[in-house]
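To keep things clear, I will list the structure first and then write my remarks on it.
The values are calculated or read from the model by the stated rules, or taken from the named source; none is laboratory data. Since we're looking at a predicted model, the values are computed, not measured. Methodologically, a virtual Cβ is constructed for each residue, glycine included, from the backbone with ideal geometry; neighbour enumeration extends over all protein chains shown. Heads up: the accessible areas ignore ligands, DNA and RNA and are worked out on the full protein's heavy atoms, side chains in. Shrake-Rupley method; radii C 1.70, N 1.55, O 1.52, S 1.80 Å.
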Amino acid sequence: MVKTIKQQRNRASVKVLMADSDSYIRQAFSNALSTEGYRDIRTLSRLSVLRDVLIAAVPDLLILDSEMPDGDAIRLVREVRNGQLGRNPFVPIILTVWDSDGISIDEAVNSGVDLILAKPLAPAQLFSRIDALVAERKPFVVTADYIGPDRRERISPNDENSFEVPNTLRDKVSGTPIDEAALNAHIETTLKEINSSRLQQGSLQLACQVEVLIRAFSAGKVGKSTRQHLGRIITSTEDIVMRVQNTEFEQLKGLCESLINVARDVYRRPKKADPKQVDLMRPLSQSILVSTKPDLKSQLRAEEIENMVSNYAARVRSRIPSTSSDDNAASA
């Protein structure tokens, strides 16, 4: 009982943002949160306003409905997690959904939310999930195209792509003093580490994408899907260009731009592409990979390439994010 009273007192300092287009739901959950000791609660009805608030304020918890009237809530979550919106990409995020079909849930999970709760939702369910985020929030995992809570059943303690991220919700509820300067430094350091990890994984993914493409050309398998594959290569390379900005890898922009130009040339007329241009994509992508992963040799052996492609194919078939659900909630 003492612990509960203490936690209720500490909850008063927790900054909660709730965005839902339904005024009744906003009021009901705001009242319910107040009974649990939360006092700093701001409710919003539009994503455009939420964007402005995230730029100006640093919440400790975001509760967001997936069906907002003026934008894409899933996209907003991705922007937060990628450090493109707001000052804390690691804020705990609970997404509420009416439509719990598989596609919607998969899209939500892959955005990087902490939890997905299906409506109609009882206040007690929301409180128990918030308490879980305080007690045992999962570490973040980083891949070439995902950043968010790690949903694997088994997590290696030495996984270099797993990160313990700042959790001001936990700190405030537990009564841990928060030093703003230290928090900002922690966020900045973690972002740099994550960016480096994503850069390495992105370059590995790019090399595998190029290798798969070259093998398809060699086998004469050039069809409608070829342009889609080339589009993914261009997107992956553009992402690397973005991530090398203001890093020790900034010199890779030239290699990346060369690869993008070649890929675009092949994209225009894939069936009449110059084989030399197609083959040129391999050394370009491998040079980018070797530069971002110094543990690799300057020349990759055939068996190394084979292992890379096999591992890449396995990762595509079995992505890290997965879903599980109960009667009224999908834990993400």
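List of remarks:
- Output for the stretch 230-252, where each listed residue is modelled with pLDDT of 95 or more and more than 21 Å from the chain's Cα centre (by Cα): 230
- Failed item in (1) in a loop (DSSP other than H, G, I, E, B); (2) within 22 Å of residue 137 (Cα to Cα), with residue 69 passing the rest: (2)
- Test: residue in the stretch 13-22 that is surrounded by 14 or more Cβ atoms within 10 Å (Cβ to Cβ), hydrophobic (A, V, I, L, M, F, W, C), within 19 Å of residue 119 (Cβ to Cβ) and modelled with pLDDT under 95: no
- Candidate set from the stretch 190-226 (those that are exposed (fewer than 14 other Cβ atoms within 10 Å of the Cβ) and closer than 20 Å to residue 264 by Cβ); member that is modelled with the lowest pLDDT: 224
- Close pairs from the stretch 207-226: first under 15 Å from residue 263 (Cα atoms) and of a type outside the set (Asp, Glu), partner part of a helix (DSSP H, G or I) and open to solvent by 70 Å² or more (accessible area, probe 1.4 Å), Cβ under 7 Å, at least 6 apart: 209/232; 210/282; 214/279; 214/282; 222/271
- All positions within the stretch 65-81 that are surrounded by fewer than 17 Cβ atoms within 10 Å (Cβ to Cβ) and more than 14 Å from the chain's Cα centre (by Cα): 67, 69, 70, 71, 72
- Residues in the stretch 217-246 that are farther than 16 Å from residue 289 by Cβ and among the hydroxyl-bearing types (Ser, Thr, Tyr): 218, 225, 226, 235.
- All of 30, 48 fail the test of being over 18 Å from residue 125 (Cα atoms), of a type in the set (Ser, Thr, Tyr) and in a helix (DSSP H, G or I), apart from 48.
- Verdict on residue 286 being in a loop (DSSP other than H, G, I, E, B) and under 19 Å from residue 201 (Cβ atoms): no
- Some residue of the stretch 42-52 being buried (at least 23 other Cβ atoms within 10 Å of the Cβ), within 15 Å of the chain's Cα centre (by Cα) and not polar (S, T, N, Q): no
- Residue in the stretch 37-48 that is touching a residue at least 12 places away in the same chain (Cβ under 8 Å) and on the phi > 0 side of the Ramachandran plot present: yes
- Test: residue in the stretch 234-246 that is over 30 Å from residue 36 (Cβ atoms), without any contact (Cβ under 8 Å) to a residue 60 or more places away in the chain, open to solvent by less than 50 Å² (accessible area, probe 1.4 Å) and among the small types (Gly, Ala, Ser): no
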